[in-house]
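Heads up, the thing below is written out as structure tokens.
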Amino acid sequence: MTAPPVFVRGLYEAFEWSMIFYVSGSNAVYFFLMVLGFFALRSHRARQNAEARAVLLNSPLLPEVSIIMPAYNEALTVAQSVRSMLDLNYPHYDVIVVNDGSKDDTMRILIDEFHLCKSTRRIGNAVTQPIRGVYRSRDPIRLTVVDKENGGKADALNAGLNVARSPLVAAVDSDSLLEEDALLHVVEPFIENPGKVLATGGIIRVVNGCSVERGRVTRIATPSRVLPLFQTIEYLRAFLGGRVAFSFLNSLLLISGAFGVFDREAILEAGGFATSTVGEDMELVVRLHRLSRARKTPYLIVFVPEPVCWTEVPESWKVLHRQRNRWQRGTVESLMAHEKMLFHPTFGGPGWFALPYFIVFEMLGPAVEMAGYVFTVAGIFLGIVSVKIAVLFFVVSVLFGVLLSMSAVVLEEFTMRRYPSIKDLARLLAAAVLENFGYRQLLTLWRLEGVWDGLRGKRGWGAMERRGFEQNVQAA
Amino acid sequence: MTLERSDRIAVLSKTLAFGMAYLLAIVSVNRFYLTPRVVSRELSLAMSIAIVQCTTISVLLAFSFCKKLARQVRDSRAARVSPAIREFLALEAAGNDHREDIRQIQAAYPREVEECLVEFLRMVRGGGREALAQLAIDLRLIKQWQRQFRSRNLARRKKAVAHLALVPRKFAGVVLQQALSDPDESVRLHTARHMVSNLEPGELPQVFALVVNGSLVARMVLAEDLRPYALELGREVIPAVLASGKPEAVRAALDVLRAWGKFLPLPQVYPLLRHADPGIRLAALRILPLVPRFPQLEMEVLHALNDPVEAVRAMAVRIAAKFGISNALPQLVRCLHDQDARTAAAAAHALAQLGADGYRILEQEMVSGSQLAASAALEALQRLQTAPAETVAV
């Protein structure tokens, strides 16, 4: 094989250095976030007072909350989810289910299960797809159902906002289960910092593998299948590491759409959920940062590690692929919509740290990682990159992935301790290692595809195949 | 997750220190171990990163397993020895002397003895508690708790305070007084809560001062704890706060009264209905049904119905309905046409509760009123007929 031209070698050398710089930078940032998350979490835990929390539940001074649950083709889980929402340990709340033009039996199930009748409840001014009707239950339960034409999740949330009357609104996915005390936990920052907190988000955990009875998780366990197990690690890493740290820096850009509480007035002032993106959760949070920073009003957007929202994660590669593609598109759309915040002096932490982090590592990360793999393999074939260096580089990168995943598991073990048995811990630790061989690379590829689709402006959600909570558990 | 400034500084410092230690470990491994052995500088650096990462992973792994294992061992040990400890403690509380037995157990299982003793101190009152407190002194536990209170660790400080509040004040009163002025609010709150569960004469105003000067969370929590002392506080302490003229304190006291929901003889609430601060006017209006009805009530509510602040107007509407003030009908009709949807809805519900006259007005508004008024009237009438679950809270 002939030696490659000098400019190719030069190109490779430049690429190699930029890769080393990028990987070191990203590793350092991830590591910083994880360690910061660890110490912040421990400090937060030391401050917790479970007894005081139980007393708070009796207080009439607790703010009222409206839980908005958008539902689209959720016939399999909607009754159970609504029942679980109606059974939360919180004194003043109501539930608003928004049937977003479901094509299945969602609406009929809601009418039958909860004895709904038409209501004359006033509807606010936010523009949404036409409302077919507002229903309330004949039973003494605080449930309102809005039946509307299909307009997407953001549109459904806006319809819910129109009906909601409480000062706080919680956006909850209808395929999720909240723990009894979840609402109280997530409302706490609003009472700790009255008038300052705009939004709070809770931790999302994987329900696959757990036992669920009557809309409650009765036994917590790790999933036995590999795909949900890997996702369990991902969720732990994202929530306990990243979000805790971003929240600490008041630069949290994402409150998961599966469970977040917002100041209703703040959302209405900001113009409601954006219907033009599939990442309406992230877009809204970034917009809240932007508006508050621009107005120079003190504010907080907080992640609360305790409240647990259990969600069913995909068990098939196809559905996981669609989900990750959508998440990545949502990220790209949200970042592109607010790129003016980037390095702008007005926008402080979000503009100088969180947004660049998301752009450099979350948006461009997959492209850089893929380019790294391609160039390294090509370099080996061209004789420019030594196999030894390439292998070592790969090993270091994998080891770092393992370290981050393990740290997340250890963080969980040192602070929240939701997985009771040693067997669960062993499985999580094994998954933390194994997910770095193949799974992570595949996700990188899908995320890259998502970035591409996002830049091209591709729309649509793609269907999530539900199995139902109890079926899911039996299978696990 | 919101942390206080001192905690934030501590978290950042620890993070930076940890990061520095990690970097230092990589540099040290590279410089002192690999550089003499590996020729390529890049390779040596990469290997040192890999070694430090592997070591960290192994340590994390071992540590988390050991911690979990230790917890399991501790739990099973506690399950094994606790029944015997409890038995001796019960006998001790009943007046028998088993100190030597307990001391012997303590030598082998100090944690379990401490946990059981605290459990008993929470349950036992009177002479039994006195005996157990004496036992705590003999076992040097009170000294230990007093030492723990001086710790910089917040959780340890709170735990110490919780334990010290269980023993008679003559043993731990000084420390508790110090804890009530701890720089950290969560410790102050924790102390106050534990003092309330075992309150001694003269401590009530001190604890109520925390309610008035503390955060909303402290107010909410302590208000519930102080509920049994409402009447006592309503005699002197609360009237003094309401008359103090300090807006924050007054608002806090009104919040507490609302939280209690108890009828208390507090005429001092009436002057607050004309307070300059709309938050205080709103809070005073809200608790009006909880204080004795004075002749000026109707006049004050009618005045509040013209308040420039929407929230105050909406509350006045509810209060007018609550007291059945029929003279308020014209103002309620005006409020039904208010631009603020909340005031309009409240007015509609108020009219619905004011009997035939209000009912007739709502029917008229459904036909001839503005869209907002008509929809509020329709909703109020429907709710009145059918929905017990959706009552308007005052």
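The values are calculated or read from the model by the stated rules, or taken from the named source; none is laboratory data. This structure is a prediction, so every number in the text was calculated from the model and none was measured. So basically every Cβ, Gly included, is an ideal-geometry build from the backbone, and we count neighbours across all protein chains shown.
Within region A:53-62, does at least one residue satisfy the condition of being among the basic types (Lys, Arg), within 14 Å of chain B (Cβ to nearest Cβ), at negative phi and in contact with a Leu (Cβ under 7 Å, 6 or more places away or on another chain)? Yes.
If I ask for residues that are within 14 Å of chain A (Cβ to nearest Cβ) and either of a type in the set (S, T, N, Q) or out of contact with any helix residue (DSSP H, G or I) (no Cβ under 9 Å at 6 or more places or on another chain) (or both), which ones from region B:63-88 would you list? B:64, B:66, B:70, B:71, B:72, B:73, B:75, B:76, listed by residue number.
Could you tell me which residue of region B:48-62 is nearest to the chain's Cα centre (by Cα), considering only residues that are within 7 Å of chain A (Cβ to nearest Cβ) and free of Cβ contacts under 8 Å to residues at least 24 places away in the same chain?
Only one residue fits best here, namely B:60.
Of A:344, A:338, which residue is within 23 Å of the chain's Cα centre (by Cα) and crowded, with 16+ Cβ neighbours inside 10 Å?
Criteria check complete, one pass: A:338.
Within region B:254-269, does at least one residue satisfy the condition of being of a type in the set (Phe, Trp, Tyr), within 14 Å of another protein chain (Cβ to nearest Cβ) and either touching a residue at least 12 places away in the same chain (Cβ under 8 Å) or part of a loop (DSSP other than H, G, I, E, B) (or both)? The answer is yes, given that some residue of region B:254-269 is of a type in the set (Phe, Trp, Tyr), within 14 Å of another protein chain (Cβ to nearest Cβ) and either touching a residue at least 12 places away in the same chain (Cβ under 8 Å) or part of a loop (DSSP other than H, G, I, E, B) (or both). Scanning region B:156-181 for residues that are within 14 Å of chain A (Cβ to nearest Cβ), buried (at least 18 other Cβ atoms within 10 Å of the Cβ) and out of contact with any His (no Cβ under 9 Å at 6 or more places or on another chain) gives a single hit, B:160. The residues in region B:23-47 that are within 10 Å of chain A (Cβ to nearest Cβ) and in a helix (DSSP H, G or I) can be counted, and the count is 6. Scanning region A:64-106 for residues that are surrounded by 24 or more Cβ atoms within 10 Å (Cβ to Cβ) and free of Cβ contacts under 8 Å to residues at least 40 places away in the same chain returns a single hit, A:106.
The residues listed here are A:314, A:305; of these, the one that is surrounded by 18 or more Cβ atoms within 10 Å (Cβ to Cβ) and part of a loop (DSSP other than H, G, I, E, B) is A:314. The single residue among B:58, B:76 that is part of a helix (DSSP H, G or I), within 30 Å of residue A:407 (Cα to Cα), of a type in the set (Gly, Ala, Ser) and at pLDDT 85 or above turns out to be B:76. Considering region A:177-253, the qualifying strands (runs of 3 or more DSSP E), each wholly inside and each with 3 or more residues that are surrounded by 19 or more Cβ atoms within 10 Å (Cβ to Cβ), run over A:197-206.
Residue by residue, here is whether (1) at pLDDT 85 or above; (2) within 29 Å of residue B:215 (Cβ to Cβ); (3) within 29 Å of the chain's Cα centre (by Cα) holds:
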| site | (1), (2), (3) |
| --- | --- |
| A:3 | no, no, no |
| A:12 | no, no, no |
| A:20 | no, no, no |
| A:68 | yes, yes, yes |
| A:72 | yes, no, yes |
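One residue stands out among those in region B:303-350 that are polar (S, T, N, Q) and surrounded by 18 or more Cβ atoms within 10 Å (Cβ to Cβ): the one that is nearest to residue B:280 (Cα to Cα), which is B:343. Figure legend. Inter-residue proximity from region B:220-243: first residues assigned to a helix (DSSP H, G or I), second residues surrounded by fewer than 16 Cβ atoms within 10 Å (Cβ to Cβ), beta-carbon distance below 6 Å, spacing 6+ or different chains. Indicated pairs: B:224/A:58; B:230/B:262; B:237/B:205. Residues in region A:275-310 that are within 30 Å of residue A:413 (Cβ to Cβ) and within 14 Å of another protein chain (Cβ to nearest Cβ): A:300, A:301, A:302, A:303, A:304, A:305, A:306, A:307.
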